[in-house]
Structure formats: structure tokens, C-alpha cells
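Engineer: For reference, the structure I am asking about is given below.
The values are calculated or read from the model by the stated rules, or taken from the named source; none is laboratory data. Quantities reported herein were computed from a predicted structural model and do not represent experimental measurements. Cβ placement follows ideal geometry from the backbone for every residue including glycine, while neighbour counts extend to all protein chains displayed. SASA here: full protein model, heavy atoms, side chains in, ligands and nucleic acids out. Shrake-Rupley method; radii C 1.70, N 1.55, O 1.52, S 1.80 Å.
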Amino acid sequence: MMSKVRKFVIFVEETRREMGQDIDPPTRKAAALAVIENPCTGKFVQDLEPLMQIGEELGGLLGEKAVAALGITPAQAQSYGKAAIVGSDGELEHAAAILHPRLGKPLRQAVEKGAALVPSAKKMGGAGTAIDVPLGHKDAAYVRSHFDAMEVRVPDAPRPGEIVVAVAVTDSGRPLPRVGGLTHDQAEGKDGLR
Amino acid sequence: MQVVVRKFWSVLEEIRHEGGPPPATPRCVGALAAVIANPFAGRYVAEISPFMETLKPLGLDMAARLIAMFGGGNGVPRAAIDGFGKGAIVGTAGELEHGALWHVPGGYAMRELLGNAKAIVPSTKKVAEAGGRIDIPITHINAAYVRSHFDALEVHVPDAPAADEMVLILVMAAGPRVHARVGGLQASEITGEDGLR
């Protein structure tokens, strides 16, 4: 394994009621996180290839873990997102190297299809820093009912030489969507937008 | 009076190492939290204890879900789960005593489903705003003095508890602290009859 993982952390949120209304079936979100060693700490590293390889490995691994945590088939995934928190001995660009060049392709295999852009967030932070992983519909970015986010944090990570990498997957949109716009059922999912 | 669940929130950590030699089997620690309506919020209610009975099915359901989470996520069998803890966060329109309602239904459910575990289930409780964090203590399920298993898991649900809610939490763990090495009673040495050693 390319990534040096200290721990994996899996979150699942299942919403049964919202503002006094029953949510049936419940909406569910999962986030799979890996706390990894940052191979590029302490000095400026021009070539971030090692981090890109880690991103490729974690895109599939974390995507599969999130889908498994929801107990669904890959095709049942509806929205997704990704994020990274870099410890203080690293650089914000390290998060970009993990998230953007190669993480998406294996993640899309884990959720089957995934025509839409994977929304993302990144930051530097100390242990216990929370990050809101943005969520968007996996096949049609304009599906309004699925714009959302999932807050995650790992109390003991990232340490200064670590990076927290997060992938979030849902089987649903917001609990009570009612602001119009494109819906899951209307989406064609061909161009990644509508 | 019934239990109204707004949401479940779970976390499962698989700990490979913490700077030292990775053990053959990673340590797993998990929590399941139920966000429920606090039926006693906003006023002083003298007689609250019958709600403990009402909460028993939720306790059993949550303990079973947590065991399933270990098995499903990481292939950890029930027999490998050897640590537990519990806790509650009461929203600000409630009272600390409401959190104490979780002791019996939460504790007994875990002990029952973990093979009639002998040790007391350690716990914490507090009143807090939504997103409040709580450290749930963890000890060995059959012998409270097992030093390698003293630990805690920090839990928080970003949007709970609302003022009129409670967050009820169960925690289980499989294995000792990942690099436990400060002596004391070992899990392999216990007799596990009095719940202490």
C-alpha cells in the first residue's frame, strides 16, 4: 500500500426526523477518512507525484468504505464529495495533489458512474480541526436537492506531519428538499450537469 | 410516552498505529449516537424514572447496530469486542438528571448483547449546546481494572442536541490501546467474575 495509514475513521449519519416531519426512508450520509503520513513535510517539494499516487489509492479505498458503510450497491449512491486537512508541517498544495489529479476516477468506479464533478474542500489545520465536506449529485451537478455538506473531524488528527483525507457518499439528498430546481428523478446524468 | 429518534450518528475508527509498531490486528473503536426528543424539556418534572423502561428497546437496538457495525465495516466478530462505555448530552432546555436515564437501558443492553459482560459500564454526561463534544470513557467489559483498555472516545454530532433533545451514546472497542505498555492487569490475566479483575 502506497499510503501510510495511521487510522481509518468511518462516520454514518441517518436522519429519521427533521423539523417534526418523519423522513421515510431516512436520508443517509457516510464519510470515510484516512489519517495518513504526509511524505512531503518540512521542506518545499516541487514534484508532488507521491501525493498524487496516494490520492489515486485512497479514492477507490475510501469510496468503497463509504459505500459499504451505507450497505448499498455502488449504483445506489446519489451524491459525493471529498476533502483534505493538511497538518502544519505540510502545505495546502499537498491537499490539492491528493484530491484533484487522480482521486476522482477510482472514486467514480466505487459509486458507479459519477458523471459530475466531485465537489471539494481543503484547509490546513491542527488535530481536531473540523471540515465540511461539500456534497453534490454524482451524475448531475445541478440537482438542487442534493447540494449539502457533511461535517467531520478526527480529534487526534492531523498531527503536524499528517493529512486527513475524506470521501463522503450519500444515498439521498437533504431530508426535506423544497426549494425547487432540478430533481434526482429528472436528471439525465450525461453531461455531469443536468 | 414514546421515544422519537431524529437521527442516528455513528463513527468507527480503525487504528493501525500511533507512531509505534502496528499490531497484527488493528484496534477498532466505534460509537453510535441516537438524537432523541427530550420529553421533559422546558420544565421541572419530578417523576422521570419510567422513561428508563421506555428507552430499553432503543438501548438493545443500538447495541445490536453497533455490534453489526464492527462486523460489517471491519469484520470484527462480537467475541472480539472487549471494551465499552456510554454517555449522554442533554440539550440546554433539559436537566443533567435526564442524561442519567440512559444508565440502565444503555448499560444493560450492551452487557446483555456482549455475552453477559461483568464489568460496570463507565459513563459521562453533560448539558451542552448542539455540537457539544463529550469524551466517552472506555474500560474492559469483564474486568474494570484491565489497564491496557482504559481509554476514551470523543463524540460529537454537529447539529445535536437541540435545546429540547438528548444525544444518547454507546461506545464499543476491540483490543487494547494500540501501543499499550504501562503494565498493570492484562486482559489475558483476568478471571472476569467480579467485574473488576
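Engineer: Quick one: which of B:44-56, B:26-38, A:116-128 comes out on top by average Cβ neighbours within 10 Å, and what's the full order, highest first? Could the numbers behind the result be given before it?
Structural biologist: Numbers: B:44-56: 12.9, B:26-38: 24.5, A:116-128: 17.8.
Top of the packing list down: B:26-38, A:116-128, B:44-56.
Engineer: Using a 1.4 angstrom probe on protein heavy atoms only, which residues from the stretch B:32-73 are buried by at least 10 Å² of accessible area when all chains are present rather than their own chain alone?
Structural biologist: For the stretch B:32-73, once contacts with the other chains are taken into account, B:65 lose 10 Å² or more.
Engineer: Between the stretch A:33-61 and the stretch A:118-194, what is the separation of their alpha carbon centroids in Å?
Structural biologist: Centre-to-centre (Cα) distance: 21 Å.
Engineer: What angle do you read, to the nearest 10 degrees and between 0 and 90, between the alpha-carbon axis of helix B:103-113 and the longest principal axis of chain B?
Structural biologist: Helix B:103-113 and the main axis of chain B meet at about 40 degrees.
Engineer: For the stretch A:1-62, build the charge dipole from Cβ charges (+1 Lys, Arg; -1 Asp, Glu) around the Cα centre, then report which of A:36, A:59, A:19 sits farthest towards its positive end.
Structural biologist: The residue sitting most towards the positive pole is A:36.
Engineer: Whole angstrom only: what separates the Cα centroid of the stretch B:87-136 from the Cα centroid of the stretch B:34-71?
Structural biologist: 9
Engineer: Right, here's the next one. With +1 assigned to the C-beta of every Lys and Arg and -1 to the C-beta of every Asp and Glu, and no other charges, what is the dipole magnitude of the stretch A:79-194 about the Cα centre in debye, to the nearest 20?
Structural biologist: Numbers: 15 positive and 14 negative charges, 54 e Å.
Here the stretch A:79-194 has a charge dipole of around 260 debye.
Engineer: What is the sum of charges around residue B:180, taking Lys and Arg as +1, Asp and Glu as -1, for the other residues whose C-beta is under 14 Å from the C-beta of residue B:180? All intermediate terms of the calculation are to be shown ahead of the outcome.
Structural biologist: Numbers: positive: B:27, B:147, B:177, B:181; negative: B:18, B:82, B:151, B:189.
Neighbour charge sum, excluding residue B:180 itself: 0.
Engineer: What's the ranking of B:93-106, A:36-49 by average number of surrounding C-beta atoms within 10 Å, highest first? Each step should come with its number before you reach the end.
Structural biologist: Numbers: B:93-106: 19.9, A:36-49: 15.3.
Ranking the peptides B:93-106, A:36-49 by packing returns B:93-106, A:36-49.
Engineer: Got a number for carbon plus sulfur as a percent of the stretch A:1-124's accessible area, 1.4 Å probe? Don't skip to the answer; put the middle values down first.
Structural biologist: Values: 2650 of 5320 Å².
C and S fraction of accessible area: 50 percent.
Engineer: If you don't mind, there's one more thing I want to ask. Taking R0 as 22 Å, what's the FRET efficiency between residue A:46 and residue A:105 from their Cβ-Cβ distance, rounded to 0.05? List each step's numbers first, then the result.
Structural biologist: Details: r = 24 Å, r/R0 = 1.10.
The value I calculate is 0.35.
Engineer: When you look at the Cβ of every residue in A:150-159, what mean number of other chain Cβ atoms sits within 10 Å?
Structural biologist: Working: counts 1, 5, 2, 5, 3, 8, 4, 0, 0, 2.
Going residue by residue through A:150-159 and averaging, the value is 3.
Engineer: Grab the DSSP H runs of chain A that are 4 residues or longer, score each as -39,500 (n - 2.57), total them, divide by all residues and round the 222 nm result to the nearest 500 deg cm²/dmol.
Structural biologist: Values: 3 runs with 37 residues, N = 194.
Rounded to the nearest 500, it is -6000 deg cm²/dmol.
Engineer: Let me ask you something else. Rounded to the nearest 500, what is chain B's calculated 222 nm mean residue ellipticity when only DSSP H runs of at least 4 contribute -39500 (n - 2.57) each, over all residues? Mind showing how you got there, number by number?
Structural biologist: On the way: 4 runs with 39 residues, N = 197.
Using -39500 (n - 2.57) per qualifying helix, the result is -6000 deg cm²/dmol.
Engineer: Summarise the partner chain shielding of B:151-163 as one whole number: the mean count of Cβ atoms from other chains within 10 Å of each residue's Cβ. Each step should come with its number before you reach the end.
Structural biologist: Details: counts 0, 1, 1, 5, 1, 4, 3, 8, 4, 0, 0, 0, 0.
Other-chain Cβ atoms within 10 Å of each residue's Cβ, averaged: 2.
Engineer: Same structure again: Please compute, for peptide A:10-23, the average count of beta-carbon atoms on other protein chains lying within 10 Å of each residue's beta-carbon. Intermediate values should be presented prior to the final figure.
Structural biologist: Details: counts 9, 6, 9, 10, 8, 7, 8, 7, 3, 1, 3, 0, 1, 2.
Taking all residues of A:10-23 together, the mean is 5.
Engineer: Considering only B:29, B:9, B:40, whose Cα is most displaced toward the positive end of the charge dipole of the stretch B:1-43, charges sitting on Cβ of Lys, Arg (+1) and Asp, Glu (-1)?
Structural biologist: The listed residue farthest towards the positive side: B:40.
Engineer: Enter the angle in degrees (range 0 to 90, nearest 10) between the Cα long axis of helix A:49-70 and the first principal axis of the Cα atoms of chain A, meaning the one along which they spread out most.
Structural biologist: That helix lies at roughly 40 degrees to the long axis.
Engineer: Enter the angle in degrees (range 0 to 90, nearest 10) between the Cα long axis of helix B:56-74 and the first principal axis of the Cα atoms of chain B, meaning the one along which they spread out most.
Structural biologist: 40
Engineer: Still on this structure: Rounded to the nearest 0.05, what FRET efficiency is calculated for residue B:25 and residue B:135 with R0 set to 35 Å and r the Cβ-Cβ distance?
Structural biologist: Calculated transfer efficiency: 0.90.
Engineer: Now, a different point. If the cut-off is 17 Å between C-alpha atoms, which lysines fall inside it for residue A:82, apart from same-chain ones fewer than 8 positions away?
Structural biologist: Correct list for residue A:82: A:29, A:65, A:105, A:113, A:122, A:123, A:138.
Engineer: I've got another one for you. Count the net charge of all other residues whose Cβ sits under 11 Å from the Cβ of residue B:66, scoring Lys and Arg as +1 and Asp and Glu as -1. The partial results should precede the final answer.
Structural biologist: Details: positive: B:65, B:78, B:86; negative: B:61.
Spelling it out: positives minus negatives among the neighbours equals +2.
Engineer: If contacts are Cα pairs under 8 angstrom and at least 6 residues apart, what is the relative contact order of chain A in percent?
Structural biologist: Values: 515 pairs, mean separation 53.1, N = 194.
Relative contact order comes out at 27 percent.
Engineer: Please compute the length gained on full extension between residue A:186 and residue A:1, using 0.36 nm multiplied by the number of residues separating them and subtracting their Cα-Cα distance.
Structural biologist: Values: separation 185, 0.36 × 185 = 66.60 nm, distance 4.06 nm.
Between residue A:186 and residue A:1, full extension yields 62.5 nm more.
Engineer: Whole number in Å², please: accessible area per residue of the protein assembly as shown, 1.4 Å probe, ligands, DNA and RNA not counted. Working shown, then result.
Structural biologist: Working: 16500 Å² over 391 residues.
Per residue, the protein assembly as shown has 42 Å² of solvent-accessible surface.
Engineer: Rounding to the nearest 20 debye, state how big the charge dipole of chain A is about its Cα centre with +1 on each Lys and Arg Cβ and -1 on each Asp and Glu Cβ.
Structural biologist: 100
Engineer: What does the charge count near residue A:17 come to, summing +1 for each Lys or Arg and -1 for each Asp or Glu among other residues with Cβ under 10 Å from its Cβ? Each step should come with its number before you reach the end.
Structural biologist: On the way: positive: A:16, B:6, B:7; negative: A:18, A:22, A:24.
Cβ neighbours under 10 Å give a net charge of 0.
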